[in-house]
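The values are calculated or read from the model by the stated rules, or taken from the named source; none is laboratory data. Keep in mind it's a predicted model, so treat the numbers as computed, not measured. Please note: Cβ atoms are built from the backbone with ideal geometry, for glycine as well, and neighbour counts cover all protein chains shown.
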Amino acid sequence: MSETTAGPSPSPFERELENLINRHSQENASNTPDFILARYLFRCLHVWNSGVQEREAWYGRPAHYIATIDVTGPIDVTYPVTTPLTPPPGKDEY
């Protein structure tokens, strides 16, 4: 991703997702950096895939997809933010 963050390096998929978000200016509506949106969406996909696997196991069926991203390990959800966020000038709160 374009910013330095704690944790493992982003996958090629995450980098491509960040570039896609940026290319279509999808970060503008939330004023959120591209790399944070890409990380969030990547994690959503991870959770969805894990949920599908769990559902299929519960029904006693094999999962019918091949994961193209690593969904076997834990996802570090700690953020590099160590100080409280403050609203931008002219705003009382977020």
**OP:** Considering only residues that are out of contact with any His (no Cβ under 8 Å at 6 or more places or on another chain), surrounded by 11 or more Cβ atoms within 10 Å (Cβ to Cβ) and of a type in the set (A, V, I, L, M), look in region 40-75 and name the one that is modelled with the highest pLDDT.
**Re:** L41
Subject >> Single residue of T5, T86 found to be at pLDDT below 90, surrounded by fewer than 10 Cβ atoms within 10 Å (Cβ to Cβ) and among the β-branched types (V, I, T) >> reply: T86
**OP:** Just give me the residues in region 25-39 being surrounded by fewer than 13 Cβ atoms within 10 Å (Cβ to Cβ) and either within 19 Å of S11 (Cβ to Cβ) or not hydroxyl-bearing (S, T, Y) (or both), in sequence order.
**Re:** N28, A29, N31
**OP:** Could you figure out which of (1) at pLDDT 70 or above; (2) surrounded by 10 or more Cβ atoms within 10 Å (Cβ to Cβ); (3) out of contact with any Lys or Arg (no Cβ under 9 Å at 6 or more places or on another chain) isn't true of Y79?
**Re:** (1)
